[in-house]
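S.K.: Once you've had a glance at the structure underneath, I'll fire off some questions.
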Amino acid sequence: MVPTRFLERTSTRIGDRVRTTYRNRSVDLRIVGESFDTSGDGMRIHADMADFPAAEPSSFFLELEPGVSADEYARGLAAVVRPLGGDATTVSPAEHKGVLLVMDAIAVLLTLMLVCVAGLGVLDSVVLDTRERVHELGVCKAIGMTPRQTVGLVLASVTAVGASGALLGVPAGWALHRLVVPVMGHAVGTRMPPPVLEVYTPVQLLLLGLGGVTLAILGALVPAGWAARTRTAIALRTE
């Protein structure tokens, strides 16, 4: 297994053979896959130690059975290997959890900010549009339109706009993600694996589109209620 930079610098592809030398032993190894590795200079390979009997591992990664305390196991192992010049450490799951919580909190905060900005934009647009059409709404009320129908009329006009924005924004966002993420990977010298690119299912894209429509409706509720409460006589006198 080799990283992307190895393939680029050596002009090789998956399936090719490369000669690798370690401590005066040369072995022809076949490239069987591309690894997602951004550490080092991009020339590190992952091979079977059986091909290099003289190789001495510098570190081991252990996976414990369920129910075994990683901290206690590391302390016991460290007491054994430290006299030999080694050490055993572990990373607390709480530290990983803390980092993930911070990242999730930042993502949630940015999402809420975007939702608020979008909602205020819808509110401002609908308020201006409703005030410009208040005379027409007064005419509709004069011929028998109920307050509920007035609210429905205002919300229906915004729903069309929200649906149009969703039809344009969701595909554009999906395409932008597919375009930007590979460029970011190329900047650090690696190709992004499919799980990094294929993060949205059709159901999730549909929910994102419905979220745009829902946001438009929520932003229009206040001006729709104002239009429904406006008296017919006042609306008819408004120009």
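The values are calculated or read from the model by the stated rules, or taken from the named source; none is laboratory data. Given the structure is predicted, the values throughout are model-derived calculations rather than measurements. Glycine also receives a Cβ, built like all others from the backbone with ideal geometry; neighbour counts cover every protein chain displayed. Only protein heavy atoms, including side chains, enter the accessible area calculation; ligands, DNA and RNA are left aside. Shrake-Rupley method; radii C 1.70, N 1.55, O 1.52, S 1.80 Å.
S.K.: Compare W174, W226 by solvent-accessible area with a 1.4 Å probe and give them largest first, with all protein chains kept in place.
M.R.: Largest accessible area first, the list is W174, W226.
S.K.: In nanometres, what is the gap between the two model label sites at E65 and A156, each 7 Å from Cα along Cα-to-Cβ?
M.R.: 6.8 nm
S.K.: Considering only protein heavy atoms and a probe of 1.4 Å, how much of the accessible area of the chain is carbon and sulfur, as a whole percent?
M.R.: For the chain, the apolar C and S fraction of the accessible surface comes to 64 percent.
S.K.: Per the helix-only calculation at 222 nm, which mean residue ellipticity applies to the chain, given -39500 (n - 2.57) for every DSSP H run of n ≥ 4 and division by its residues, nearest 500 deg cm²/dmol?
M.R.: It lands at -21000 deg cm²/dmol.
S.K.: Please arrange L123, L221, L207 by accessible surface area, largest first, computed with a 1.4 Å probe and ligands excluded.
M.R.: The residues order as L207, L221, L123, largest area first.
S.K.: I106: accessible area at probe 1.4 Å, nearest 10 Å²?
M.R.: 100 Å²
S.K.: Roughly how many Å² is the accessible area per residue of the range 1-94, as a whole number, for a 1.4 Å probe?
M.R.: Ligands and nucleic acids excluded, the figure is 77 Å² per residue.
S.K.: Continuing with this model, one more query. At a probe size of 1.4 Å, how large is the accessible area of L208, to the nearest 10 Å²?
M.R.: Looks like 90 Å² after rounding.
S.K.: Can you list the DSSP H helices in the chain whose Cα atoms extend at least 18 Å along the helix axis and whose mean Kyte-Doolittle hydropathy is -1.0 or higher? It would help to have the intermediate numbers written out before the result.
M.R.: Details: long enough: 93-132 (58 Å, 1.29); 147-187 (57 Å, 1.00); 202-229 (41 Å, 1.49).
Counting only whole DSSP H runs, the qualifying helices are 93-132, 147-187, 202-229.
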